[in-house]
Amino acid sequence: MGTDPQPMDSGAPLLTVPVDLGSAAYQVLIGRGALGQLGAQIIKRGFKSGCRVLVVSNAHVSGHYGETVRRSLEHAGLITDFLELEAGEVHKTPATVALIHDRACSHQLERGSLIVALGGGVVGDMAGFAAATWLRGIGVVQVPTTLLAMVDAAIGGKTGVNHAGGKNLIGAFHQPQLVLIDPETLATLPPREVRAGMAEVIKYGVIGDPVLVDSLEERQQLNCLEGIGKSLLLQILRRSAAAKARVVATDEREGSLRAILNYGHTLGHVVETLTGYERYLHGEALAIGMAAAGELSLSLGLWSAQDQQRQLALLERSGLPMAAPDLDGEAIRNCLLRDKKVRDGRVRFILPTGIGSVVIRDDIDLDQAVTALRATNRGS
Ligand code: NAD
Ligand code: GLY
């Protein structure tokens, strides 16, 4: 990781975070105004002028940033088409991916062509999956525009869509050629989405980056971009990308270590599922899941009340919920048993042991997990 002034005649230097995956290695580039460098950065990665590019986005995002992206791509000589999908998790389906395939066909995307995902995690996951499956796999460049997608979803190659039976059940690992992050795009992101993204940031701190936690603790307000400030935002983007890159480079296909990125997700998913995916954004449910995982660790004597308090204080300063809603115990247990991380009928929990360290445990009594989830509701 480091500041790598890119030899570009236009645009400011970009921070570079490498994702070391051998022949599938790529870079995460971060910097204000990076969007205007998209075309040139694609050419730098071996795509020739005259190459066909399909930009997949939605009307919210494209309305703000589509023109900058189009100009940058066309200036680089790339033959560009745009597809705007309906926004929202409810549209993250195989039917929507079929629309991307239809446009890939009409825009004559070939093996050497490229899909650019311009948007949040929903667009990124679907555009990535379309790229993974069109002609058995073409290139994709991720241009995330939500905080959550910048720090997590755009990096690491998980792509896919939802199935009626559950979230993200259909998918493929397909690493991007490049991840380009322009923090200026966050200026138009709704504040609730900024807060939801902060849950993933706090996750990175608790699972492995005490320095990031220290930096977050220096700010009184983490619930809006103004409170976070520009320099901390850059630090957040760089450290989160580096943390994700480290984990993915070690365990691309989630054989073991990558599971730690699911810290807070196991009980968070229960909350999301049992409230019908309507009450909470993913990051909000994750915040409750992290509070609950902390309670579970506390009850097992794995970490201290002081560390749990530090975690809760960060969630609170980020304006995130921490108390689980009232949920039926049997429904919680059944939902836990359907988690994607279940192996041989045992639920794997990622549990904090200190600020910056976690363990993976598959020997937890599910009743204890139910109690921990309910304990988040103590004061409310
Ligand atoms: P999202 O993609 O639904 O975006 C949230 C909302 O913000 C949308 O309405 C979107 O149109 C709007 N938006 C996006 N950028 C904007 C901008 N700059 N200005 C104004 N509006 C903007 O939500 P998300 O939180 O980014 O992503 C959630 C999805 O990501 C879920 O489907 C989840 O499964 C997936 N995900 C994937 C991974 C992975 O590793 N692949 C990791 C985490 C989450
Ligand atoms: N967001 C979890 C992962 O990428 O593995």
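The values are calculated or read from the model by the stated rules, or taken from the named source; none is laboratory data. As the structure is a prediction and not an experimental result, all values here were calculated from the model. Note: ideal-geometry Cβ built from the backbone for every residue, glycine included; neighbour counts use all protein chains shown.
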ALA12 fails exactly one of (1) among the small types (Gly, Ala, Ser); (2) exposed (fewer than 15 other Cβ atoms within 10 Å of the Cβ); (3) at pLDDT 95 or above, namely (3)
Among the residues of the range 163-180, the number that are within 21 Å of LEU73 (Cβ to Cβ) and away from ligand 2 (no atom under 16 Å from the Cβ) is 3
Restricting the range 220-262 to residues that are within 18 Å of ALA149 (Cα to Cα) and β-branched (Val, Ile, Thr), the one farthest from ligand 2 (Cβ to nearest atom) turns out to be ILE228
Of the listed residues (GLY128, GLY160), the one being out of contact with any His (no Cβ under 9 Å at 6 or more places or on another chain), within 16 Å of ligand 2 (Cβ to nearest atom), farther than 18 Å from LEU286 by Cα and at pLDDT 95 or above is GLY160
Here the qualifying pairs (Cβ atoms under 6 Å; residues six or more apart or on different chains; first in the range 149-178 and closer than 18 Å to GLU272 by Cα; second of a type in the set (Val, Ile, Thr) and buried (at least 21 other Cβ atoms within 10 Å of the Cβ)) come out as VAL161/VAL97
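Residue-wise test of (1) under 19 Å from the mean Cα position of the chain (by Cα); (2) of a type in the set (S, T, N, Q); (3) within 16 Å of ligand 1 (Cβ to nearest atom).
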site	(1), (2), (3)
SER62	no, yes, yes
TYR65	no, no, yes
LEU73	no, no, no
THR80	no, yes, no
GLY88	yes, no, yes
LEU109	no, no, no
SER113	no, yes, no
ALA117	yes, no, yes
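Here's the yes/no breakdown for (1) of a type in the set (S, T, N, Q); (2) under 23 Å from ASP214 (Cα atoms); (3) in contact with a strand residue (DSSP E or B) (Cβ under 6 Å, 6 or more places away or on another chain); (4) not in a loop (DSSP other than H, G, I, E, B):
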residue: ALA291; (1), (2), (3), (4): no, yes, no, yes
residue: GLU295; (1), (2), (3), (4): no, yes, no, yes
residue: ARG310; (1), (2), (3), (4): no, yes, no, yes
residue: GLY319; (1), (2), (3), (4): no, yes, no, no
residue: LEU327; (1), (2), (3), (4): no, no, no, no
residue: ARG333; (1), (2), (3), (4): no, no, no, yes
residue: PRO352; (1), (2), (3), (4): no, yes, yes, yes
residue: VAL358; (1), (2), (3), (4): no, yes, yes, yes
The correct count of residues that are basic (Lys, Arg) and within 16 Å of ligand 2 (Cβ to nearest atom) in the range 182-219 is 1
Within the range 129-152, residues within 23 Å of GLU184 (Cβ to Cβ) and in a helix (DSSP H, G or I) come out as LEU147, LEU148, ALA149, MET150, VAL151, ASP152
Those residues of the range 153-170 which are more than 8 Å from ligand 1 (Cβ to nearest atom) and not in a loop (DSSP other than H, G, I, E, B) amount to VAL161, HIS163, GLY166, LEU169, ILE170
Picked from the range 228-275 (must be in contact (Cβ under 8 Å) with a residue 60 or more places away in the chain and among the small types (Gly, Ala, Ser)), the residue farthest from ILE207 (Cα to Cα) is ALA249
For the range 312-320, state whether one or more residues are touching a Phe, Trp or Tyr at 6+ places or on another chain (Cβ under 8 Å) and farther than 16 Å from PRO352 by Cα. no
Condition set more than 17 Å from GLN27 (Cβ to Cβ) and hydrophobic (A, V, I, L, M, F, W, C), scope the range 139-148, selection nearest to ligand 1 (Cβ to nearest atom): answer is LEU148
- Can you find a residue in the range 290-305 that is closer than 22 Å to THR146 by Cα and surrounded by 23 or more Cβ atoms within 10 Å (Cβ to Cβ)? yes
Picking from VAL90, VAL56, VAL69, the residue that is assigned to a helix (DSSP H, G or I) and buried (at least 22 other Cβ atoms within 10 Å of the Cβ) would be VAL69
